[in-house]
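The values are calculated or read from the model by the stated rules, or taken from the named source; none is laboratory data. All of these numbers come straight from a predicted model, not from anything done at the bench. Virtual Cβ from ideal backbone geometry, glycine too; neighbours counted across all protein chains shown.
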Amino acid sequence: MLILLLAWAVFLVGVPLWAWTQLSTVDADPEGARPEGQPGATYLLVGSDSRKGLTKQERKDLTTGKDSGGRGRTDTILILHTGDGPSVLLSIPRDSLVPIEGYGTTKINAAYAYGGPELLVQTIEQSTGLEIDDYVEVGFGGLVKVVDALGGVEICPKKNVKDAKAGLDIDKGCQEADGRTALAYSRSRKAATGDIQRGQNQREVLGGIAGKAKSPWTFINPVRYVRVNAGAASSVQVGEGMGPIALARFALALSSAMGGAGLNCTVPIADFSVRWDRERALRMFGHIKNDRTDQIGDLCTKDGLPKGS
């Protein structure tokens, strides 16, 4: 029995270490002056619309369209902060208008297309004042692989959604979604609030992934455990300076942010044209910068609008 327990412990540790060796890295550290010395840890999590690694049939099945070449754009931009207070997962709408060095004021997701992770990190830091410690990027195929490896995730749309562009056709109510449906749900902008609702859907899917990933069944079932690790390793890129401990801390913080003790929000906005409410946004960024997330309070709302509006 002791030998079996030791072997199982080696398996549980060895699989993620093997997966770590399969991860690809990317240079995400911009040059020039950057914020520094901030308490806690702040991560930038992006989901790119890159079709890299997808076969022609997979692009058809996932309704992703053709690979246009180049870097693509970031359909998902999330800031995750962990420290002494509650963990915070913050959506930044991809259509947010911000200054991008060398390109004027334009939509924030263009920063990745213009200059890759480095320019996106620089743009986020200059617009928020936050120091980005580490970078994590997931492509279309990555989300599908991880969700399918977990056996699906629960989503709870409040209305029927039919979106041919995203390949989505679901009824309202809680239901189990496979990888293809979870991706379509994360991409769909069919709701009246467009980009804002999509951000909420993305956080909902991430919450489902985090919940399933930390369930005892993931660790008890060796096949599922290997598939989850392998799926993530084959489709996730991390910043060059990110180590396995930081990645583990990122995963724990993501799970915490989506749990009852954490905060998941949209950056404060003035209206559904996703113009930032600068006064409220700067207050929120200030609390994150100083690792005082316990003071965010009503600044955190799911749609970014003031509470009660």
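Given the options 102, 85, name the one that is under 27 Å from residue 298 (Cα atoms), among the small types (Gly, Ala, Ser) and in contact (Cβ under 8 Å) with a residue 12 or more places away in the chain.
Exactly one residue qualifies, and that residue is 85.
Look through 219, 272 and report the one residue that is part of a helix (DSSP H, G or I), more than 23 Å from residue 137 (Cβ to Cβ) and modelled with pLDDT under 90.
219
Return the only residue of 203, 189 being buried (at least 20 other Cβ atoms within 10 Å of the Cβ) and within 29 Å of residue 280 (Cβ to Cβ). It would help to see each step written out before you state the result.
Numbers: 189 fails: buried (at least 20 other Cβ atoms within 10 Å of the Cβ).
203 is the lone residue from the list that is buried (at least 20 other Cβ atoms within 10 Å of the Cβ) and within 29 Å of residue 280 (Cβ to Cβ).
Taking the range 1-45 as the search range and keeping residues that are outside any strand (DSSP E or B) and touching a strand residue (DSSP E or B) at 6+ places or on another chain (Cβ under 8 Å), which one is surrounded by the fewest Cβ atoms within 10 Å (Cβ to Cβ)? Step through it out loud before you land on a result.
First pass over the range 1-45, keeping only residues outside any strand (DSSP E or B): 1-23, 27-40.
Going one step further and asking which of them are touching a strand residue (DSSP E or B) at 6+ places or on another chain (Cβ under 8 Å), we end up with 23, 27-29, 40.
Working: 23: 17, 27: 13, 28: 25, 29: 15, 40: 20.
Looking at the filtered set, the residue picked out is 27.
Of everything in the range 206-228, what is over 19 Å from residue 89 (Cβ atoms), touching a residue at least 40 places away in the same chain (Cβ under 8 Å) and either crowded, with 21+ Cβ neighbours inside 10 Å or among the aromatic types (Phe, Trp, Tyr) (or both)? Give them in sequence order. Talk me through it step by step, then tell me what you get.
Of the range 206-228, the ones over 19 Å from residue 89 (Cβ atoms) are 215-228.
Next cut, touching a residue at least 40 places away in the same chain (Cβ under 8 Å) only: 218-219, 222, 224-228.
Matches in the range 206-228: 219, 225, 228.
Hey, among the residues in the range 82-125 that are among the aliphatic types (A, V, I, L, M) and in a strand (DSSP E or B), which one's surrounded by the most Cβ atoms within 10 Å (Cβ to Cβ)?
First pass over the range 82-125, keeping only residues among the aliphatic types (A, V, I, L, M): 88-90, 92, 97-98, 100, 108, 110-111, 113, 119-121, 124.
Narrowing the set further to residues that are in a strand (DSSP E or B) leaves 88-90, 97-98, 100.
Working: 88: 25, 89: 26, 90: 28, 97: 15, 98: 17, 100: 21.
Only one residue fits best here, namely 90.
Just name the residue that is modelled with the lowest pLDDT out of those in the range 46-72 that are closer than 20 Å to residue 117 by Cβ and crowded, with 20+ Cβ neighbours inside 10 Å.
For the range 46-72, the residue satisfying everything is 51.
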